[in-house]
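Colleague: Take a look at the following structure, please.
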Amino acid sequence: MRVWQAAFAPPAAELVPQPADLVLVFGSVEIFDGPDLAVRLASAFPGAVIAGCSTAGEIAGDAVLDGSCTVTAIRFDQGGDAAAVETDIVSADDSQRAGEVLGEALAARPGLSGVLLFARGVGVNGSALIDGLSSRLPAGIPVSGGLAGDGGAFVRTMVLGPSGVSDSRAVAVGLYGGGLHLGLGSVGGWEPFGPARKVTKAVGNLLLQLDGEPALNVYKRYLGDYARDLPASGLLFPFELLNGNHDSVGLIRTILGIDEAAGGLILAGTVEEGFFLRLMHASTDGLIDGAEQAGAIAAAGSMGVDGGVAGGVAEGDRLALLVSCVGRKLVMGDRVEEEVQAVADRMGPGAVLTGFYSYGEIGPMRDLVDCRLHNQTMTVALLTER
């Protein structure tokens, strides 16, 4: 497998045609909303599967960019192959069905070894989307990817798939061939604080009551002065999901919005009544350590040889897809590149890093197989061809 990457602003203007089987594209919503992005990419990479999404920041190598477009081309040498399927997501309530449609289409072709999923970042229930997808895939198929961003505005996100760019779609890339391997890692680095509170009323991803009290009231009381900046300040104080014994289940839920009339919090993924939630906060050092752990887990057991960098264009024999939460970017500020550099150190010189800052990360639970929607994590997928 050979991987080639470059970042452009504006996109595709300097792209040199390359032979590729799969091309991943991540860029600002302004670039994705341009009139001819899909056409120019198809011209530069004829016959390739092209997929990606808009972002809240682009990752290229060990750098974090804004307002750019990162284009990463992959050519398989040992018989690996890729195929993309897509479907509309009309509303959040349509998410489960959309995932099922994607999963059935991918599973219809034999030899599936992994899936990369990119979906609209607003107007979607990411948990339901992934549940629907996983319900139609063979057991044990690793899934990674993320929900699109729009620079932190949470208004309109874009996805790129076989039929072009859309603001209401999900695209899934199936990786086929026994030689392809996805090593996955997903770690947060956030610290809990305060008591655990029971979810006494919730509908999907709308959290209505904690310990019988309107969830919004509880949340505002804990945030203090930060409450006046809701919903934006919710990115800085996510929830940790706990089971009935108050043990962490390995999931974090970000607050994406508030429902003043219902006294509820709109979360990036579902929560279930009877579970418990606890607030979290983070330090930059803690988030960087979490990113390094995610990179180490993804790299464990992977194989590869050294690659190189020439003329500012990265080349290698492994692809590391990094999807990190926009909330982490806000916490780390000017130090945000340090978490990407921590992953790059774990990947080694033969890996090309690409990815984006997202509104939800798709990665493994602690068993490294069962993939779910995460918030506030660094999620790493290392693709190799053996």
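Colleague: Here's a check for you: in region 327-351, which residue that is more than 18 Å from the chain's Cα centre (by Cα) and among the charged types (D, E, K, R) is least open to solvent (accessible area, probe 1.4 Å)?
Modeller: Going through the qualifying residues, I end up with E338.
Colleague: Cβ-Cβ distance below 8 Å, separation of 6 or more or different chains: which pairs start in region 123-135 with a residue that is in contact (Cβ under 8 Å) with a residue 40 or more places away in the chain and end on one that is open to solvent by 20 Å² or more (accessible area, probe 1.4 Å) and part of a helix (DSSP H, G or I)?
Modeller: Pairs found: G123/A92; V124/A92; N125/A92; N125/D93; N125/Q96; A128/A92; A128/Q96; L129/Q96.
Colleague: Let me ask another. Here are some residues: Y222, Y226. Which one is open to solvent by 60 Å² or more (accessible area, probe 1.4 Å) and free of Cβ contacts under 8 Å to residues at least 24 places away in the same chain?
Modeller: Every option except Y226 fails the conditions.
Colleague: A further question follows. How about region 156-192: which of its residues are surrounded by fewer than 18 Cβ atoms within 10 Å (Cβ to Cβ), closer than 30 Å to L277 by Cβ and in contact with a helix residue (DSSP H, G or I) (Cβ under 9 Å, 6 or more places away or on another chain)?
Modeller: Of everything in region 156-192, those that are surrounded by fewer than 18 Cβ atoms within 10 Å (Cβ to Cβ), closer than 30 Å to L277 by Cβ and in contact with a helix residue (DSSP H, G or I) (Cβ under 9 Å, 6 or more places away or on another chain) turn out to be R156, E191.
Colleague: State which residue is modelled with the lowest pLDDT when the search covers only region 13-22 and only residues that are surrounded by fewer than 23 Cβ atoms within 10 Å (Cβ to Cβ) and not charged (D, E, K, R).
Modeller: Across region 13-22, the extreme among qualifying residues is A13.
Colleague: Are any residues in region 352-369 open to solvent by 20 Å² or more (accessible area, probe 1.4 Å) and in contact (Cβ under 8 Å) with a residue 12 or more places away in the chain, and if so, which ones?
Modeller: Listed by number, the residues that qualify are M365, R366, L368, V369.
Colleague: On to the next question. Being more than 15 Å from G189 (Cα to Cα) and outside any strand (DSSP E or B) is the filter here; which residues of region 366-386 pass it?
Modeller: The answer is D367, L368, V369, D370, R386.
Colleague: Go through (1) open to solvent by less than 10 Å² (accessible area, probe 1.4 Å); (2) part of a strand (DSSP E or B) for G234 and report which single condition fails.
Modeller: Among (1) open to solvent by less than 10 Å² (accessible area, probe 1.4 Å); (2) part of a strand (DSSP E or B), the lone unmet condition for G234 is (2).
Colleague: If you go through region 275-283 one residue at a time, do you hit one that is among the aromatic types (F, W, Y) and touching a residue at least 60 places away in the same chain (Cβ under 8 Å)?
Modeller: yes
Colleague: Follow-up question, since we're still on this one. Exactly one condition in (1) modelled with pLDDT of 90 or more; (2) of a type outside the set (S, T, N, Q); (3) under 30 Å from Q341 (Cα atoms) is false for A232; which is it?
Modeller: (1)
Colleague: Could you say whether any residue in region 347-359 is at pLDDT below 95 and part of a helix (DSSP H, G or I)?
Modeller: Yes, region 347-359 contains a residue that is at pLDDT below 95 and part of a helix (DSSP H, G or I).
Colleague: Still on this structure, please answer the following. Can you find even one residue in region 345-352 that is more than 20 Å from A73 (Cα to Cα) and either hydrophobic (A, V, I, L, M, F, W, C) or out of contact with any strand residue (DSSP E or B) (no Cβ under 9 Å at 6 or more places or on another chain) (or both)?
Modeller: Scanning region 345-352, I find at least one residue that is more than 20 Å from A73 (Cα to Cα) and either hydrophobic (A, V, I, L, M, F, W, C) or out of contact with any strand residue (DSSP E or B) (no Cβ under 9 Å at 6 or more places or on another chain) (or both), so the answer is yes.
Colleague: If you don't mind, another one. Filter region 29-60 for residues that are open to solvent by less than 10 Å² (accessible area, probe 1.4 Å) and in a loop (DSSP other than H, G, I, E, B); which is nearest to E315 (Cα to Cα)?
Modeller: F45
Colleague: Please specify each residue of region 136-178 satisfying the condition of being farther than 22 Å from E104 by Cα and part of a loop (DSSP other than H, G, I, E, B).
Modeller: Scanning region 136-178 gives A148, G149, D150, G151, G152, A153, F154, V155, R156, T157, M158, D167.
Colleague: Of all residues being over 21 Å from V49 (Cβ atoms) and touching a Phe, Trp or Tyr at 6+ places or on another chain (Cβ under 9 Å) in region 96-123, which is most open to solvent (accessible area, probe 1.4 Å)? Just the residue, please.
Modeller: V122
Colleague: Moving on to the next point. Check whether at least one residue in region 190-205 is free of Cβ contacts under 8 Å to residues at least 24 places away in the same chain, outside any strand (DSSP E or B) and on the phi < 0 side of the Ramachandran plot, and report yes or no.
Modeller: No, that holds for no residue.
The values are calculated or read from the model by the stated rules, or taken from the named source; none is laboratory data. Source: prediction; values computed, not measured. Positions of Cβ are backbone-derived with ideal geometry, glycine not excepted, and every protein chain shown enters the neighbour counts. Heavy atoms of the whole protein, side chains included, go into the accessibility calculation; ligands, DNA and RNA do not. Shrake-Rupley method; radii C 1.70, N 1.55, O 1.52, S 1.80 Å.
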